[in-house]
Every structure is written in C-alpha cells, then in structure tokens.
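Asks: Here's a structure for you.
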Ligand code: AMP
Ligand code: FE
Ligand code: FE
Ligand code: ZN
C-alpha cells in the first residue's frame with residue numbers, strides 16, 4: 001500500500017487539473033492519494049470521480065492557512081464537510097484575503113521597478129484556481145524573465161520580509177482544529193518544522209494542539225532533514241499523534257516533490273481514518289453521499 005496524503009492541483013497552486021493529478025498518482029503506483037488544495041474543496045468532485053475510473057482511492061482534504069500567535073501554520077484537514085457554516089466562512093475569508101492581497105503585491109513590485117501587471121498573473125494561471133496566491137505571482141515573474149523559477153521568486157521578492165510581501169488573513173490554528181472536528185473531519189499539521197531554522201511549534205505547543213483535538217503531524221516531508229524527522233517522530237509517539245508522510249506535490253510548480261516521494265504507513269492511515277469516523281459520529285453530520293465510499 002502506497003499512501004500520499006498531501007497534493008495540490010491547479011484548483012490551488014499545483015499545475016495539473018484534479019483529474020490529471022489523480023491519473024498521475026495512479027501511474028506513480030499510489031493506492032491512496034489525498035487532494036489537499038489550499039483552503040478549498042473545489043477539486044474534490046473531479047478527483048473522486050477520476051479515482052473511481054483509475055482504481056485508486058482519493059481522500060478529500062484541504063490545506064488550511066492558519067496562524068498561532070502570529071506564526072503561520074499550514075493545517076491539513078481530511079474529510080471535513082465543507083458546507084459546515086463555520087468552516088465555509090473561514091475558508092471564504094482566507095480566499096478573499098488572498099485575492100485582496102494580489103493587487104497590493106503587484107503595486108509593491110511595481111514600486112520596486114519590476115515590470116508586472118495583474119494580467120501577467122492571470123495569463124500565468126493554468127486552471128481555474130479558487131484564489132490567486134503568491135505562487136501564481138511567482139509564475140508571472142518567471143514568465144516575465146524577472147526570476148528563473150518559483151523558488152527564486154519567493155527568495156527575492158515574495159517571502160515574508162522581502163520587498164513584494166503583503167500580509168494576509170489566516171484562520172486561528174486552535175480554533176480551526178475544533179472547527180474541522182465539528183465539521184466531521186480530522187487535522188494534521190503540515191510540515192511543522194519545514195522552511196525554518198528555529199521551529200516555532202515546539203513539543204509543548206504541539207502537545208497543546210493535541211489537547212485541542214489535533215490528530216497528527218506530517219513527519220516525512222521533503223522540507224524535513226533526517227534529524228528533524230527523527231525528533232518529530234519521537235514527539236508524535238509521546239503524544240499518541242498519527243504520523244504521516246507525503247509529497248506536497250505541486251506538479252511542475254515545486255521541484256523535488258514527486259508523487260509518492262514520501263508516504264504514510266498503512267497502520268497510521270488507518271488510525272487517521274478511525275479518528276475521522278469518530279469525529280463524524282460525534283458530530284452527527286450527514287455523510288456526503290458522493291464521498292461516502294471513501295470512509
Ligand atoms: P500564499 O498561499 O499565496 O501565501 O502562498 C504560499 C504557497 O507558496 C505555499 O503553499 C507554497 O506552495 C508556495 N511556496 C512558499 N514558499 C515557497 C518557495 N520558497 N518556493 C516555492 N514555493 C513556495
Ligand atoms: Fe502550495
Ligand atoms: Fe504547506
Ligand atoms: Zn501543501
């Protein structure tokens with residue numbers, strides 16, 4: 001069983017449509033794939049329909065932009081009902097925040113002398129994303145020849161502290177863990193120690209999140225060194241958290257994140273799905289028929 005629980009389609013900042021992504025996952029020999037676009041369930045129906053065709057299992061998920069005391073944290077949510085009012089409202093606020101940031105980002109880049117227009121961003125977009133984010137601006141900078149790839153765009157212009165950075169709305173992490181559970185889903189912190197030298201999510205903070213209902217942490221991720229993975233595995237073990245491993249695949253948008261480059265152990269996946277089933281029973285939320293077969 002090969003299980004990859006974190007992938008992006010062009011409904012967010014990946015470069016493959018959901019159907020193409022699911023076909024690629026089957027070709028890569030995956031048995032289970034979670035679709036986890038940023039802050040949206042818009043790709044679920046297409047992905048689940050294609051999964052049935054090609055004979056793999058798709059777990060509907062999303063990667064929610066949250067923050068804890070001002071520190072950004074990506075929260076993976078699996079199988080929540082996206083129609084739950086509090087969840088729907090938070091996702092709408094995050095997507096709106098990202099769209100509102102786009103003109104401000106373009107203005108900042110122009111003020112720095114970069115020749116770029118909103119139309120360049122629209123032209124650089126592959127599919128129909130639920131919102132336009134920094135990766136789409138990065139693609140426009142690449143198309144304009146300002147930078148060579150997305151990574152350089154972030155390093156030079158778009159990351160926090162760089163000249164094109166604009167802050168945007170993110171949901172409160174602890175609140176969101178509860179909201180997802182109320183919506184019948186389970187949560188896993190994505191790449192908790194990725195892209196940072198001094199991890200903000202210490203063992204103590206992760207313990208508090210577990211207390212708030214967090215189900216797991218993503219340990220095996222390309223942004224984590226072998227040392228980091230060992231330490232995080234220990235923390236998860238101490239707290240009884242589910243340990244996941246995933247590619248965080250973004251199609252051509254992210255080098256070195258091929259489908260299945262990290263995977264989740266079947267026993268850990270079972271634990272995660274049991275937690276989701278328990279949340280669903282506890283909330284009494286009706287199971288969405290179109291996704292019922294994934295339970
Ligand atoms: P946004 O949601 O608009 O704030 O953009 C954040 C997204 O940009 C993340 O989810 C990543 O997919 C992508 N990203 C962040 N940092 C980098 C980087 N250094 N290189 C490439 N992609 C990045
Ligand atoms: Fe992304
Ligand atoms: Fe992420
Ligand atoms: Zn991701």
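Computed from the coordinates by the stated procedures, all read-outs in this text should not be read as laboratory data. Here the structure is a predicted model, which is why all the values come from computation and not from measurement. Note that each Cβ is placed from the backbone with ideal geometry, even for glycine, and that neighbours are counted across all protein chains shown.
Asks: Using only Cα positions of region 1-133, each an equal point scatterer, no hydration layer, compute I(q)/I(0) via Debye at q = 0.09, 0.11, 0.12, 0.14 Å⁻¹ and quote the log10 values to two decimals.
Replies: Each listed q maps to, in turn, -0.31, -0.45, -0.53, -0.69.
Asks: Relative contact order (percent) for the chain, with alpha-carbon contacts under 8 angstrom and 6 or more residues of separation?
Replies: Worked out over the chain, it gives 23 percent.
Asks: If I fit a long axis through the Cα atoms of helix 134-143 and take the longest principal axis of the Cα atoms of the chain, what angle between them do I get, 0 to 90°, rounded to 10?
Replies: Between helix and principal axis, roughly 40 degrees.
Asks: If you stretched the chain out fully between residue 122 and residue 238, how much longer would it get, using 0.36 nm times the residue separation minus the C-alpha to C-alpha distance?
Replies: Working: separation 116, 0.36 × 116 = 41.76 nm, distance 4.64 nm.
Fully extending the segment from residue 122 to residue 238 adds 37.1 nm.
Asks: What's the Cα-based Rg to Rh of region 139-295, Rh via Kirkwood?
Replies: Reported Rg/Rh, Kirkwood definition of Rh: 1.01.
Asks: Only counting other Cβ atoms within 10 Å, I'd like 188, 114, 58 sorted with the fewest neighbours first.
Replies: Neighbour counts put them in this order, fewest first: 114, 58, 188.
Asks: Using only alpha-carbon positions, what ratio does the radius of gyration of the chain give when scaled by 2.2 N^0.38 Å?
Replies: Its radius of gyration relative to the 2.2 N^0.38 Å reference: 0.96.
Asks: Right, next: Determine the calculated [θ] at 222 nm for the chain from helices alone, applying -39500 (n - 2.57) to every DSSP H run no shorter than 4 residues and normalising by the residue count; nearest 500 deg cm²/dmol.
Replies: -12500 deg cm²/dmol
Asks: How far is helix 85-111 tilted off the main Cα axis of the chain, in degrees rounded to 10, range 0 to 90?
Replies: 20 degrees
Asks: Moving on to the next point. Cut-off is 10 Å between beta-carbons; in what order do 254, 108 appear when sorted fewest neighbours first?
Replies: Result, fewest neighbours first: 108, 254.
Asks: Hey, another quick one. How many angstrom lie between the Cα centre of region 70-149 and the Cα centre of region 215-279?
Replies: 25 Å
Asks: Okay, next question. At residue 54 and residue 92, where each label point lies 7 Å from the Cα along Cα→Cβ, what is the point-to-point distance in nanometres?
Replies: Those two pseudo-labels are separated by 3.3 nm.
Asks: Does anyone have the angle between helix 44-54 and the longest principal axis of the chain? Alpha-carbon axes, 0 to 90°, nearest 10?
Replies: Tilt relative to the chain: about 70 degrees.
Asks: Ranking request for peptides 121-130, 241-250, 16-25: highest mean number of other beta-carbon atoms within 10 Å first, then the rest in descending order.
Replies: So the peptides 121-130, 241-250, 16-25, ranked by packing, come out 241-250, 16-25, 121-130.
Asks: Only counting other Cβ atoms within 10 Å, I'd like 115, 268, 96 sorted with the fewest neighbours first.
Replies: Ordered by Cβ neighbours within 10 Å, fewest first: 115, 96, 268.
Asks: Residue separation times 0.36 nm, minus the C-alpha to C-alpha distance between residue 255 and residue 202: what's the value? Could you put the intermediate results ahead of the total?
Replies: On the way: separation 53, 0.36 × 53 = 19.08 nm, distance 2.81 nm.
Gain on extension, residue 255 to residue 202, equals 16.3 nm.
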